[in-house]
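Notes follow once the structure below has been shown.
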Amino acid sequence: MYLCSFPPVEEGDDVKVNTTASMLRLGTGGWDIVLSTSHNNYVLPGHGHIMKARYTPFQHSVLSVDDPKHPDYDVFNQPLSLKRTPVLLAELHSMLPILLSAVSMLNERLSIGVVLSDEASLAAGLSDHMTEWKQKRNVWVVTAGQAFGGSAESVNVVNAMQWLVLKKRVDLVILSMGPGTTGTNTPYGFSGMVLAEWANLIGSLEGNALWIPRLSFRAQRTRHYGVSHHTTTPLHVFTYAPSTLVLPVLTGQKRMYVKKQLHFLHENTRVTIVEENIDDWFNTWLGWYEQNRKTLYSMGAGITGDPDFIKGVLAPLAYIFRKQEVNEDGL
């Protein structure tokens, strides 16, 4: 149940529940959702006039950072340039805890801006990881578009980035979406197509778009084996801004497979492909993971069962740290 739209309930209260997810045994969208309670026309007064989840039973008002009533509204009257701020593009929500934990593990002084768009779950609160990271002083989670529940709200990803860069002075930005991405086994019918749109926006704003490869040699489907077509298709076909795809150094048959797989990207003048030796980072991250007793899953599988996936997520971060000096004040 969304507490932003309904009051709390008590044992014995009548509720109406949408049980489609459990009936279909869904992975994506796999939770049953409370649709209504026995309360009479309950109104949750918001602090602003920007509506999230508009024209649904869960619509509610928020004081977004770009609301004229917000104290930071003047930020949006300033010229916007990302000034080569690195922006990581993460297709899967499971990539976020790897990135965020790695940054904190290496330098807790760094300020991170996370923008969650609305191509998957609209409610950031569905993610236990986001609930945890919203408590961190160095992490700002902005839910953009129809998504809601971040530590701040915005009408779109551009205003989210503008607020994070100009107001919060973050060292790096991560663009992603909530849990529950979906695909249709068609060339272009998947949630991750939005990464091309993000990269083009970042390029227009003089930012540095860094693509996180969805990398796996455990994937059963050919379309996701090696570097997933969810990475290569939007990057090659629909991205017009300069972009960097950072891969971990691979060896043997894995290296040969990916080199053959990405031959067309090597011919794309807008794409720069970089390799990072990630073994030390990977071992350090695994030590952190085991010490903190985290339980992370990606696409329904335990994340430590697919080391190449983790290395793919860590590689762009290692690239940022190598290219930019890290000091006490940030990047």
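The values are calculated or read from the model by the stated rules, or taken from the named source; none is laboratory data. Quick caveat, the model's predicted, so the values are computed rather than measured. FYI the Cβ positions are ideal-geometry reconstructions off the backbone, even for glycines, and counts take in every protein chain you see. These area figures cover heavy atoms from the full protein model, side chains too; ligands, DNA and RNA do not enter into them. Shrake-Rupley method; radii C 1.70, N 1.55, O 1.52, S 1.80 Å.
Some observations on this one:
- Total residues in segment 220-241 satisfying the condition of being surrounded by fewer than 18 Cβ atoms within 10 Å (Cβ to Cβ) and of a type in the set (Val, Ile, Thr): the figure is 2.
One line per residue, one yes/no per condition, for (1) closer than 25 Å to Asn200 by Cβ; (2) of a type in the set (A, V, I, L, M, F, W, C):
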position: Val75; (1), (2): yes, yes
position: Leu92; (1), (2): yes, yes
position: Pro97; (1), (2): no, no
position: Leu126; (1), (2): no, yes
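- Listed by first and then second residue, the pairs with beta-carbon distance under 6 Å, at least 6 apart or on different chains, first residue in segment 1-20 and under 8 Å from Val34 (Cβ atoms), second modelled with pLDDT under 65 and outside any loop (DSSP other than H, G, I, E, B), are Lys16/Ser36.
- Conditions (1) outside any loop (DSSP other than H, G, I, E, B); (2) of a type in the set (A, V, I, L, M, F, W, C); (3) over 25 Å from Leu172 (Cα atoms): number failed by Trp281: (3)
- Matching residues in segment 176-206 - criterion: being closer than 14 Å to Asp118 by Cα, open to solvent by 20 Å² or more (accessible area, probe 1.4 Å) and at pLDDT 95 or above: Met193, Glu197
- When restricted to residues that are at pLDDT 85 or above, touching a Gly at 6+ places or on another chain (Cβ under 7 Å) and farther than 20 Å from Pro86 by Cα, segment 126-154 contains 2.
- Among the residues making up segment 143-175, a single one is of a type in the set (Gly, Ala, Ser), farther than 16 Å from Leu100 by Cβ and open to solvent by 20 Å² or more (accessible area, probe 1.4 Å): Gly149.
- Top-ranked residue of segment 39-83 - restricted to ones that are closer than 17 Å to Val158 by Cβ and among the hydroxyl-bearing types (Ser, Thr, Tyr), ranked as modelled with the lowest pLDDT: Ser81
- Scanning segment 207-219 for residues that are open to solvent by 10 Å² or more (accessible area, probe 1.4 Å) and either within 14 Å of the chain's Cα centre (by Cα) or not hydroxyl-bearing (Ser, Thr, Tyr) (or both) yields Asn208, Arg214, Phe217, Arg218, Ala219.
- Only residues that are under 22 Å from the mean Cα position of the chain (by Cα), among the acidic types (Asp, Glu) and either surrounded by fewer than 16 Cβ atoms within 10 Å (Cβ to Cβ) or modelled with pLDDT of 90 or more (or both) were counted in segment 276-306, giving 1.
- Residue, modelled with the highest pLDDT, within segment 106-125, restricted to residues that are among the hydrophobic types (A, V, I, L, M, F, W, C) and open to solvent by 50 Å² or more (accessible area, probe 1.4 Å): Leu122
- Residue count for segment 79-90, restricted to those that are open to solvent by less than 30 Å² (accessible area, probe 1.4 Å) and not hydroxyl-bearing (Ser, Thr, Tyr): 6
- Scanning segment 58-78 for residues that are part of a loop (DSSP other than H, G, I, E, B), touching a residue at least 40 places away in the same chain (Cβ under 8 Å) and surrounded by 18 or more Cβ atoms within 10 Å (Cβ to Cβ) yields a count of 4.
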